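J.: The structure is given below, and queries will be raised subsequently.
The values are calculated or read from the model by the stated rules, or taken from the named source; none is laboratory data. In this text, all values refer to a predicted model and were calculated from it rather than measured experimentally. So basically every Cβ, Gly included, is an ideal-geometry build from the backbone, and we count neighbours across all protein chains shown.
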């Protein structure tokens, strides 16, 4: 499969206003983007093109990488511009060396913020994240959520943005596969799950039940707290809590890794 | 607990030859260090001080962080210099902003390279790493190995250095807790394990046994291959292979995360 020249928009001037959204990517990471996010690399682009929650706005591709994503370009509407540039132009636009050679801008619709009420009956496995502020951890959690077939992720207000560039990249597109929703507070999220018949359990090094002996509910939410401080004591008291058995003296797993162990255990306990 | 002034060596000139080993840390990361490595932060220093495989050579500490590690300084021999500097001097020495404020140099003894023969009978759980070339992954694997009580890690020649600065940091000191050894080749490592009565199984997305149904041996090695290409087909044919059940269409776990799931499963299956 090849891409016809007429499908491409050649960019030769880094100051071209048409590629404004790609300019100075790293500096713009520091301020919140309004209504769009950046996806990098072929693997993430594959996930982006395969979903319809976040419409693709445009692509900026290194000229020698166009052939390698011809099928993905073919799968997108003709109305999506495919900008194409040489390495030096692309690097000058982005403000650093784009070695993957593939960037996309996608739109964030207004209606993704709030979880539906009632929660869809199809949701069997839900993650509830509290105070996950590190983008690597956020990306890792979504990568694992996608791998283990999590149906939705709820975020409390202290969580960082899953659509931040680095989180998207680390998730290998998982943030585009697993629907996520902001909630007003932990209280709101836990109540929402409860009145919809979804059981809630929290992962904690001090958890009362060894996760190896855990019997998850048919509809189950798992709470992951911030890596530094863990979940607020209030929630550790109010919720069922699960621990992962570890060697003495080093009970330290990364929060995304702990979540993966728990999701695998949940899947195994259910016989999925 | 406090640290007496006489225990500290004040550094006011970034060009002071006594702190040569701390100079231009990032540039030196690019060449292999000879016989020593750098540990950063209080948590890693705690692990470093608690072990005796890698003797501490010296410390370089921000002046306002000395009080917070007084107990660790007290636990080290008086012969280990504790250099102490203001933030601007410390940053000028290291070549970038050292926000953790705590650096240590430790020695790598000559005799750590080759696994003992016979392998110690106390080794029940061993990791064998093949072609793990990313320092984040290496650090993550060791963090998980320490958390799940792995007895030793064997590395094939294509693995990167677990004592590289970033790997040490990501491991949260795990590389200092779990003994590791270089082997001449995968062939050598697998034979060595076999003749010592240690069973060998490899983790692979194409694995023949679902790890949830796996019955590990009483002495068991688990092989993790490179994230990009996976384990060489030769080994997937010759070894028992294990897969982790995932959602269709996204069978993508980070290698360190997959290793954590497998180590937890191994621990659970044994009833540890």
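J.: Looking at region A:107-130, which of its residues are modelled with pLDDT under 95 and crowded, with 21+ Cβ neighbours inside 10 Å?
T.: Within region A:107-130, the first condition is being modelled with pLDDT under 95, and the residues that meet it are A:107-117.
Within region A:107-130, just A:115 meets the criteria.
J.: Identify, please: which residue in region A:140-173 is crowded, with 22+ Cβ neighbours inside 10 Å, more than 10 Å from chain B (Cβ to nearest Cβ) and part of a helix (DSSP H, G or I) and is, among those, farthest from the chain's Cα centre (by Cα)?
T.: Taking the candidates together, the pick is A:141.
J.: Would you confirm, using the coordinates I've provided, whether residue B:122 is closer than 22 Å to residue B:202 by Cβ and either more than 11 Å from chain A (Cβ to nearest Cβ) or within 11 Å of the chain's Cα centre (by Cα) (or both)? Explain how you work it out, then say what you get.
T.: Numbers: closer than 22 Å to residue B:202 by Cβ: no; either more than 11 Å from chain A (Cβ to nearest Cβ) or within 11 Å of the chain's Cα centre (by Cα) (or both): yes.
No: the conditions fail for residue B:122.
J.: May I ask you to say which residue of A:209, A:141 is modelled with pLDDT of 95 or more and either assigned by TED's automatic domain parsing to the domain that holds residue A:56 or touching a helix residue (DSSP H, G or I) at 6+ places or on another chain (Cβ under 6 Å) (or both)?
T.: Details: A:209 fails: either assigned by TED's automatic domain parsing to the domain that holds residue A:56 or touching a helix residue (DSSP H, G or I) at 6+ places or on another chain (Cβ under 6 Å) (or both).
The unique qualifying residue is A:141.
J.: Would you check which residues across region A:1-26 are buried (at least 16 other Cβ atoms within 10 Å of the Cβ) and in a loop (DSSP other than H, G, I, E, B) and list them?
T.: A:3, A:11, A:14, A:16, A:23, listed by residue number.
J.: Out of all the residues in region A:104-136, which are out of contact with any strand residue (DSSP E or B) (no Cβ under 9 Å at 6 or more places or on another chain) and either in a helix (DSSP H, G or I) or at positive phi (or both)?
T.: Residues of region A:104-136 out of contact with any strand residue (DSSP E or B) (no Cβ under 9 Å at 6 or more places or on another chain): A:109-111, A:117-118, A:121-122, A:133-136.
Listed by number, the residues that qualify are A:110, A:111, A:135, A:136.
J.: Consider residue A:228 against the criteria (1) modelled with pLDDT of 90 or more; (2) within 21 Å of the chain's Cα centre (by Cα): it satisfies all of them except one. Which criterion is unmet?
T.: Failed condition: (1).
J.: Got at least one residue in region B:187-194 being closer than 14 Å to residue B:132 by Cβ, touching a strand residue (DSSP E or B) at 6+ places or on another chain (Cβ under 7 Å) and not assigned by TED's automatic domain parsing to the domain that holds residue B:27? Step through it out loud before you land on a result.
T.: The first filter runs over region B:187-194 and keeps only residues closer than 14 Å to residue B:132 by Cβ, leaving B:189.
Filter once more, so that each one left must be touching a strand residue (DSSP E or B) at 6+ places or on another chain (Cβ under 7 Å): B:189.
Keeping just the survivors that are not assigned by TED's automatic domain parsing to the domain that holds residue B:27 gives B:189.
Checked against the condition, which is being closer than 14 Å to residue B:132 by Cβ, touching a strand residue (DSSP E or B) at 6+ places or on another chain (Cβ under 7 Å) and not assigned by TED's automatic domain parsing to the domain that holds residue B:27, region B:187-194 yields at least one hit.
J.: Further question: How many residues, within region B:174-200, are within 18 Å of residue B:106 (Cα to Cα) and surrounded by fewer than 20 Cβ atoms within 10 Å (Cβ to Cβ)?
T.: Narrowing region B:174-200 to residues within 18 Å of residue B:106 (Cα to Cα): B:174-181.
Remaining after also requiring surrounded by fewer than 20 Cβ atoms within 10 Å (Cβ to Cβ): B:179, B:181.
Counting residues in region B:174-200 that are within 18 Å of residue B:106 (Cα to Cα) and surrounded by fewer than 20 Cβ atoms within 10 Å (Cβ to Cβ) gives 2.
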